[in-house]
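Working notes for the structure below.
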């Protein structure tokens with residue numbers, strides 16, 4: 001009988017030491033309530049103590065993820081912490097630049113990429129307009145003269161993403177831009193061959209491409225641009241013989257293409273590149 005009562009919920013009918021209550025007993029006295037409270041408190045404390053002890057034992061075990069044995073095996077040098085922080089920063093930028101289908105569904109591909117570029121410091125120009133749209137005063141809240149909802153009359157014709165760090169995840173936002181003709185990706189330290197290959201098949205209407213000062217690009221990336229059959233001007237700077245030969249081969253593959261190869265120490269070609277009129281493309 002006592003074992004059955006021990007597993008029942010605590011109530012005024014439960015057994016206490018030295019006294020037994022039947023179903024017709026009155027409410028507990030103050031002294032009995034005090035005894036009940038002390039028992040409950042002791043039981044709760046014992047349970048917490050047991051949980052704390054088991055948690056500590058688990059933490060000390062070698063296979064635990066954040067146990068001392070594993071923590072002591074980590075490299076806590078300044079160089080290692082800096083490398084870890086750098087890798088986490090790259091992961092954050094890649095995640096922040098990812099292609100978001102919900103944004104494209106609500107705004108459309110052209111207006112969505114316009115907000116994507118302008119918010120990150122770049123500039124865009126719609127078809128039929130003369131000036132680029134950019135976010136000039138970044139000290140204030142984000143507000144630019146861009147549509148806030150889908151409008152089928154807006155088409156992005158030119159994108160200036162120079163000096164912006166766009167990874168492959170960011171370049172994926174350029175797909176389904178059927179009127180894009182002018183693209184500047186210069187001074188991008190992380191632009192690589194995979195990005196150029198994606199541009200080659202995602203933007204077939206491209207006529208002007210600037211990839212100067214992009215150190216990750218090799219001759220293989222230049223070869224991936226052969227899919228841009230409408231490309232007229234390609235701007236690049238490199239002293240690498242393989243890259244220059246790939247550019248010459250690209251001119252033979254794409255009819256009407258002019259490749260402006262700028263040497264790393266050449267300033268005259270830089271002024272020539274700046275004088276290229278965007279509206280002529």
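Bear in mind these aren't lab numbers, they're just calculated from the coordinates by the rules spelled out. In this text, all values refer to a predicted model and were calculated from it rather than measured experimentally. Here the Cβ is made from the backbone with ideal geometry for all residues, glycine too, and neighbour counts use every protein chain on show.
Taking a ≥ b ≥ c as the square roots of the eigenvalues of the Cα gyration tensor of segment 139-221, is the shape rounded (a/c under 1.5), prolate (a/b larger than b/c) or oblate? Numbers along the way, then the final one.
Values: a/c = 2.25, a/b = 1.43, b/c = 1.57.
The shape class here is oblate.
How high is the relative contact order of segment 121-264, in percent, counting Cα pairs under 8 Å that sit 6 or more residues apart?
Reported relative contact order: 17 percent.
Sketch the reach of a paramagnetic label on residue 141 as a point 7 Å from Cα along Cα-to-Cβ, and name the residues of segment 91-120 whose backbone nitrogen lies under 20 Å away.
Output list for this probe position: 115-116, 118-120.
Taking 8 Å as the Cα distance limit and 6 or more residues as the minimum spacing, I'd like the relative contact order of segment 70-185 as a percentage.
Numbers: 140 pairs, mean separation 33.8, N = 116.
It rounds to 29 percent for segment 70-185.
Using the beta-carbon distance between residue 94 and residue 260 and R0 = 45 Å, what value does 1/(1 + (r/R0)^6) give for FRET efficiency, to the nearest 0.05? Please list the in-between numbers first.
Numbers: r = 31 Å, r/R0 = 0.68.
Calculated transfer efficiency: 0.90.
Between residue 175 and residue 252, what FRET efficiency comes out of the Förster formula 1/(1 + (r/R0)^6) with R0 = 22 Å and r the beta carbon distance, rounded to 0.05?
Working: r = 28 Å, r/R0 = 1.28.
Using R0 = 22 Å, I get an efficiency of 0.20.
How much length would be gained if the chain were fully extended between residue 218 and residue 86, taking 0.36 nm per residue of separation minus their Cα-Cα distance, in nm to one decimal? Provide the component values of the computation, followed by the final result.
Values: separation 132, 0.36 × 132 = 47.52 nm, distance 2.43 nm.
Contour length minus Cα-Cα distance gives 45.1 nm.
Which parts of segment 162-194 would a label at residue 127 reach, counting a residue when its backbone N lies under 16 Å from a point 7 Å out along Cα-to-Cβ?
Residues 175-183 qualify, since their backbone N sits under 16 Å from the label point.
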